[in-house]
Each structure stands twice: as C-alpha cells, then as structure tokens.
Amino acid sequence: AECCLMADVVQFFLDRDIPFCPRSAVNDVLGSITNTHISGEFHREVARVPERYFEEKPYLKGVLDSLRDSGKRLIFVSNSPFWYVDAGMNYVVGPGWRDQWDVVIASAGKPAFYTEDARPFREVDPATGKLMFKQVLKLEKGRVYTAGCLKELTKTINWKHPLNYDVLDFRYDDVGSPLTSPNVMYIGDSLFADLVDAKREFGWTTAAVTPEVGWEIELQRKTEFVVAERAIEMLLNSLRLYQRALGTGLRSKDDLEVMDKMERMVSRWRDEQTRLLGNPFGSVFRARYQPSLFAHSLRRYCDLYMSNVGSLRHYSSQHRFYPESPKLLSHEIRGSNPECCDIDDPILNPDCF
C-alpha cells in the first residue's frame, strides 16, 4: 500500500510539473499513513461505509459452517478493534458471525501476541466497546476479548479433542496442549507480521491468503500468456540441446551469435509476460524470472496459500494435501535436465559397477 501511494504521489507531482524532494515525499506519505491508522480515522471511514471498501465473500460463511460441522474449533484473532471487526464481519458474513467462532479476540497486538508470555486477556463489552475489569480465567464462546498472548490462550481454553470426536479414539487421550502442533492450522493474510512467527515459533500448519495468486491464475489461463510461456520453454530447451550437441569444446563465433539471439528472444517473451500482468512492478512471486523474496518466504513458512478463504470450499474439511516434493537443485530432478551431460551415474551407467 505504501509503495502504491508513493507512486501515485510522485506521478501527481510529475504530471503537474510540481518540484518536490523525494525524501520529503516518502516521509510525508509514511507519516500520513501512520497518523491515519493511529487516529482511527481510517477505521471509522471503512466501518461507516463497509460496502465501499470490503469485497463480498459469498463462500466464506459456507466454509466456516463446514469447518464447524466437521468438529473443528475456530479462533478469531485480529489486531483491529472490535467495533471495526464487527462492522466488517457483519457485512461480509452476517449479523450472527460471532456464533461461528469459539473464541473472538480483537486488538490482539500481533506479533506480540505470539512472542510475549505475560499479557492477560481483557473482556470487551460488545455493546459499548469498553473493557471490563474482572480477571479472565476462561475464554467463553459468545464473548469478546482483547490483548492476551498465546501462553494465556493455552491456559484459558480446555480443548483436548475435536467437537464431535469418538470417545474410543485414543489419539486425543494424551494431548497435553490444545494448541499442540500440528493440530492448529493458522490462516492469515500477513506473511511477515504473523505467519512467519506461527510457523517458526510454534510449528503450526500455516495457510496464507494471497489475493495476487488468484489474479495470476486467471492470467495464466489466457491464450497470450500460454503462448509466451511455451515460447520461453521451447527456446530454453533448444538452447540446452544446442549446447549439448556442441559438446565441451570451445564455441565458434557463429555458435555464440546463435545463442545470443535466442537469449534475446527469451528476454522479449519475458517482457511480454510482464506486460500481460498489467503491473509495472511485475509479479509479486517473481523478480524477473527468479523467485522473489516473497515467494521464497511463502514456500518456507506456509504449507498452503490461496487467493481467499473461500477457496477451501473445493476441499473436504478432512482433506489431506500431498504436495509434490520440492526439487530445488538440478541433480534432484533426475533425467529431466538436458544440460547434465556425461555424468557417471552408478545406477544409469553399467561401467560404474
């Protein structure tokens, strides 16, 4: 959001020939965003006209109902104040949205919610938004809480099994903490603010909500993008085969010229892919054609990622995912890389026995 606003401000100055200091423009934009959030002005405006700022989520309620019906226990944790959360969820899910959650926590203060161990919970009056003074010893369904931390959460809930478990199912007899990994799947939309800590500190199963993946999947289905992708694959494969045919000796001037021309064709097709994205910054998952830092972090810290929570409707609430084994190095992809020439393999080469 900050980068987009900075780009808009700079473009505004350039279009009107307004002289400006880049450093001052950046400081002003960041200061304005900070002040808007701290003052609550942004939240009040969104809560006042939710239909203007929130996208409709027609499948969210069905997904939550499915999870509840299958015995899953649901915890809602947000950094936003309750009155703001309530306005958004009332619009997206409906007035009875709190009935779908076993615990509702607002103004949680993530990531401190995960890292601190001495933050007690406070109960919030849903009608007035005021905090109560009584000590919270147990988190109850239908009530709203604020602050707290993960350590307090494990002390104030007593969940040793799913909602509809079989008493003869001994898997749950020795469960010490109701939040023992991998019993928890954490779904969030902020990779670095909370998903990283959830995975790194607690080993939870994590799922990232990444809207950009939905846009890119739609783009990848278009004929123009498919043509560009296949052209790149064909050119790269041709380059590999060409070098394999040339062997290990020095290349002639003509050979190098042919390779240079084909590489330039690859670059042009990659430029075409970037153009098709309709985004001057390119894909959030790629830096040119290499995986971006965001993509690396997504792969490292998230077990699943989706464009929105409604995507879970395509799977059973008891679905088990079996992802393909990540092949990060060329030698791991046996037999599929034509650039691996003349490798003495004890399995493939009988002379090595």
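Remark on Val77: its backbone amide H falls under 5 Å from those of Ile105, a criterion applied only to residues 5 or more positions apart or on other chains, H modelled at 1.01 Å from N. With bins 10 Å wide beginning at 0, the percent of Cα pairs of the range 271-322 falling in each bin runs 20, 36, 32, 12, 0. Loop-located chymotrypsin sites (Phe, Trp or Tyr not before Pro) in the range 1-65 (DSSP state not H, G, I, E or B) with no more than 13 neighbouring Cβ atoms inside 10 Å: Phe20. Under 16 Å from a point placed 7 Å out from the Cα of Glu201 along the Cα-to-Cβ direction: which residues of the range 57-85 have their backbone N that close? Answer for the range 57-85: 77-79. What separates the Cα centres of the range 248-326 and the range 112-155 is a distance of 42 Å. Phi-derived couplings, Karplus 6.51 cos²θ - 1.76 cosθ + 1.60 at θ = phi - 60°, listed residue by residue for the range 262-269: 5, 5, 5, 5, 4, 4, 5, 5 Hz, with x used for Gly and Pro. Tally up the carbon and sulfur contribution to the accessible surface of the range 1-105 as a whole percent, 1.4 Å probe, everything protein left in place. Percent of accessible area from carbon and sulfur atoms in the range 1-105: 55. Evaluating 6.51 cos²θ - 1.76 cosθ + 1.60 at θ = phi - 60° for every residue in the range 247-253, the Karplus couplings come out as x, 9, x, 5, 8, 7, 4 Hz, glycine and proline recorded as x. If I take all pairs of Cα atoms in the range 193-239, what percentage of them are more than 12 Å from each other? Percentage above 12 Å: 72. All other residues whose Cβ lies under 11 angstrom from that of Ser190 are scored, Lys and Arg at +1 and Asp and Glu at -1, for a net of -2.
Translational diffusion coefficient of the range 1-54 (Stokes-Einstein, Kirkwood radius from Cα pairs, 10 °C, 1.306 mPa s): 126 µm²/s. For the range 16-99, the list of GluC sites (Glu not before Pro) that fall in a loop by DSSP and count at most 10 other C-beta atoms within 10 angstrom reads Glu55, Glu56. Amide H contacts of Ala287 (H built 1.01 Å from N, in plane; Pro and chain starts excluded): Ser292 sit under 5 Å, all sequence-distant by 5 or more or on other chains. Each principal axis of the Cα cloud of the range 242-281 was taken in turn, and the coordinate range along them, longest first, works out to 43, 17, 12 Å. Of the solvent-accessible surface of the range 236-329, computed with a 1.4 Å probe over protein heavy atoms with every protein chain present, carbon and sulfur atoms account for 52 percent. Classified by the C-alpha gyration tensor, the range 91-136 has an oblate form. Its axis ratio a/c, with a ≥ b ≥ c, is 1.5 or above, and a/b does not exceed b/c.
Just to check, using Stokes-Einstein with a Kirkwood Rh over alpha carbon pairs, what's the diffusion coefficient of the range 1-148 at 10 °C and 1.306 mPa s in µm²/s? For the chosen part, D equals 88 µm²/s. Figure legend: label point modelled 7 angstrom from the Cα of Val227 along Cα→Cβ; residues of the range 268-293 with amide N under 20 Å from it are 268-279.
The values are calculated or read from the model by the stated rules, or taken from the named source; none is laboratory data. Keep in mind that what you see is a predicted model, and the values were worked out from it rather than measured. A quick note on method: Cβ atoms are made from the backbone with ideal geometry, for glycine too, and the neighbour counts reach across all protein chains shown. For accessibility, only protein heavy atoms count, side chains too; no ligands or nucleic acids. Shrake-Rupley method; radii C 1.70, N 1.55, O 1.52, S 1.80 Å.
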